[in-house]
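The values are calculated or read from the model by the stated rules, or taken from the named source; none is laboratory data. For clarity, every value in this text was computed on a predicted model and none was experimentally measured. Note that each Cβ is placed from the backbone with ideal geometry, even for glycine, and that neighbours are counted across all protein chains shown. Keep in mind that these areas ignore ligands, DNA and RNA; they rest on the heavy atoms of the full protein, side chains included. Shrake-Rupley method; radii C 1.70, N 1.55, O 1.52, S 1.80 Å.
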Amino acid sequence: MTAESTTRPASPSDSEGTDLKTFAKKRRSSLIGAIFLMATSAIGPGFITQTATFTSTMGAAFAFGILASVLIDFAIQTNVWRMITLSGKRASDLANAALPGSGYLLTVLIVFGGLVFNIGNIAGAGLGLNSLLGVDAKIGGLISALLAIGIFLYKRAGVVVDRVVVVLGLLMIGLTLYVAIVSSPPVGEALRQTIWPDTINFATITTIVGGSVGGYITYSGAHKLLDSGNAGPEHIKQVTRSALTGIAVTGVMRYVLFLAILGVVSSGVVLDTSSNAANPAAQAFHYAAGEFGLRAFGLVFWAAAISSVIGAAFTSVSFITVFSKTGMTERTRNWWTVGFILVSLAVYVALGTAPAALLVFAGGFNGLVLPIGLTLFMYIGWFHAKQLLGGPYSRFLLVVGTLATALSWYMAIVSIVPVFQFLGR
């Protein structure tokens, strides 16, 4: 063999193989990022507080509520991820294709609800840094929002978002798992009541589902997949596995948090869940692991809040693109996302906190957005699958999705009445 032959440049096939490996690696990273974006968006500050409150009042029986929320998540997220992937269109564009004008309505609802919720997410990030480092909550919210803005200003913002949400998600699971182990929860009793609860409280299930799947959260992971090129029937199996993995990750995060608080409650500690008390989850972490537990709560709460800020901003702006006839470049979307966070931050700074009435309204409003969006998707699945999804759609998923849609309408009606009662006081 000559020296020339041993030093030849890589052939086109070698170069193509390297490119394919790099592309496959990026796609896996994007899939993992979509999984954790959905999971961390679903475990926000509100969910953590609600879990502590309901576990304090219901004990191990609340495990059934966690299971029910995961099953409802399956029916909703699997349908949304698959339909968006099959069509290759964002939710707003897909809705417009099936029912002209409906995508614009959905966009307005999502963006408004996301903006109001993001004020609460920034406030939650401030409270998290207050527990973690002792900084003023208002300053903590400002620092957190600026950090999120910095991520989207970076030229490779998509890659950074993927990595940040994965790190934050693993951090939340790890710290909460430690507190769960230290608090020594009655795992056997919790597992029994997960399947066969002593009591079933539908109001708690309604609240948990509305806060963890409502509004923008339903579409966050699916839209992240589109940005990474995972669209079309050829990717449907991989997308379905990713959706199921995302639901599993969300379920693990929820259940570990529940066990951490259950261990404290089962030991006889009574958490103060009154409106003027400190966050009940903070109390539980403090009782379980002392000063370290309080700091761990601060980090978990901050991670949940900052990842929700990122998720709400990213997903809301992904809907705004429906108003652009020529589409938006990734850089343009990032600037819109920065603007979205800045508006949320400006309102937060002006108010000084997230008023209870605003957060209650946001929760009820996003709970109403959920059934509207799901109804559009079920309409597409039943009547426009051939034109918009490329062929017949799974009847099983349509049936469970339709049942989840009917349940979401019931939950919206149940939750919206107390909202107006609260705002009318």
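Can you find a residue that is closer than 17 Å to G65 by Cα and without any contact (Cβ under 8 Å) to a residue 24 or more places away in the chain anywhere in the range 233-247?
No.
Is there any pair linking a residue in the range 371-385 that is at negative phi to one that is at pLDDT below 95 and β-branched (V, I, T), with Cβ under 7 Å and at least six apart or on different chains, and which?
Between residues of the range 371-385 that are at negative phi and residues that are at pLDDT below 95 and β-branched (V, I, T), the close pairs are P371/T405; G373/T218; L374/I76; L374/T405; T375/T405; F377/V80; M378/T405.
Output yes when any residue across the range 70-85 is out of contact with any Pro (no Cβ under 6 Å at 6 or more places or on another chain), within 24 Å of L31 (Cβ to Cβ) and without any contact (Cβ under 8 Å) to a residue 12 or more places away in the chain, and no when none is.
yes
Can you name the condition, by its number, that F314 falls short on among (1) of a type in the set (A, V, I, L, M, F, W, C); (2) at pLDDT below 90; (3) outside any loop (DSSP other than H, G, I, E, B); (4) surrounded by 14 or more Cβ atoms within 10 Å (Cβ to Cβ)?
Against the list (1) of a type in the set (A, V, I, L, M, F, W, C); (2) at pLDDT below 90; (3) outside any loop (DSSP other than H, G, I, E, B); (4) surrounded by 14 or more Cβ atoms within 10 Å (Cβ to Cβ), F314 comes up short only on (2).
Among the candidates G88, G101, single out the residue that is surrounded by fewer than 23 Cβ atoms within 10 Å (Cβ to Cβ), modelled with pLDDT of 90 or more and more than 21 Å from I236 (Cα to Cα).
Within the list G88, G101, the selection yields G101.
Just to be sure before I move on: is Y410 of a type in the set (S, T, Y), modelled with pLDDT of 95 or more and closer than 22 Å to Y216 by Cβ in the structure I sent?
The answer is no for Y410.
Out of the residues in the range 224-238 that are surrounded by fewer than 24 Cβ atoms within 10 Å (Cβ to Cβ) and not in a loop (DSSP other than H, G, I, E, B), which is modelled with the lowest pLDDT?
The residue in question is D227.
For L115, which of the numbered conditions (1) open to solvent by 10 Å² or more (accessible area, probe 1.4 Å); (2) over 13 Å from A313 (Cβ atoms) fails to hold?
All conditions are met except number (2).
How about the range 285-311: which of its residues are under 19 Å from I122 (Cα atoms) and open to solvent by 30 Å² or more (accessible area, probe 1.4 Å)?
R295, L299, W302
Quickly run through the range 148-169 and pick out the residues that are within 19 Å of the chain's Cα centre (by Cα), open to solvent by 60 Å² or more (accessible area, probe 1.4 Å) and touching a residue at least 24 places away in the same chain (Cβ under 8 Å).
Hit for the range 148-169 is R163, nothing else.
Quick check: is even one residue across the range 61-73 closer than 30 Å to S267 by Cβ, aliphatic (A, V, I, L, M) and touching an Asp or Glu at 6+ places or on another chain (Cβ under 6 Å)?
For the range 61-73, residues closer than 30 Å to S267 by Cβ, aliphatic (A, V, I, L, M) and touching an Asp or Glu at 6+ places or on another chain (Cβ under 6 Å): present.
State whether the residues of the range 254-272 include one that is of a type in the set (S, T, Y) and either within 30 Å of L94 (Cβ to Cβ) or free of Cβ contacts under 8 Å to residues at least 24 places away in the same chain (or both).
Looking through the range 254-272, none of the residues is of a type in the set (S, T, Y) and either within 30 Å of L94 (Cβ to Cβ) or free of Cβ contacts under 8 Å to residues at least 24 places away in the same chain (or both).
Is the range 251-268 home to any residue that is over 18 Å from the mean Cα position of the chain (by Cα) and part of a loop (DSSP other than H, G, I, E, B)?
yes
Checking Q50 against (1) modelled with pLDDT of 85 or more; (2) within 23 Å of T405 (Cβ to Cβ); (3) in a helix (DSSP H, G or I): exactly one of these is not met. Which one?
Result: Q50 passes all but (1).
Among the candidates T55, T49, which residue alone is among the β-branched types (V, I, T) and buried (at least 22 other Cβ atoms within 10 Å of the Cβ)?
Going through T55, T49 in turn, just one is among the β-branched types (V, I, T) and buried (at least 22 other Cβ atoms within 10 Å of the Cβ): T55.
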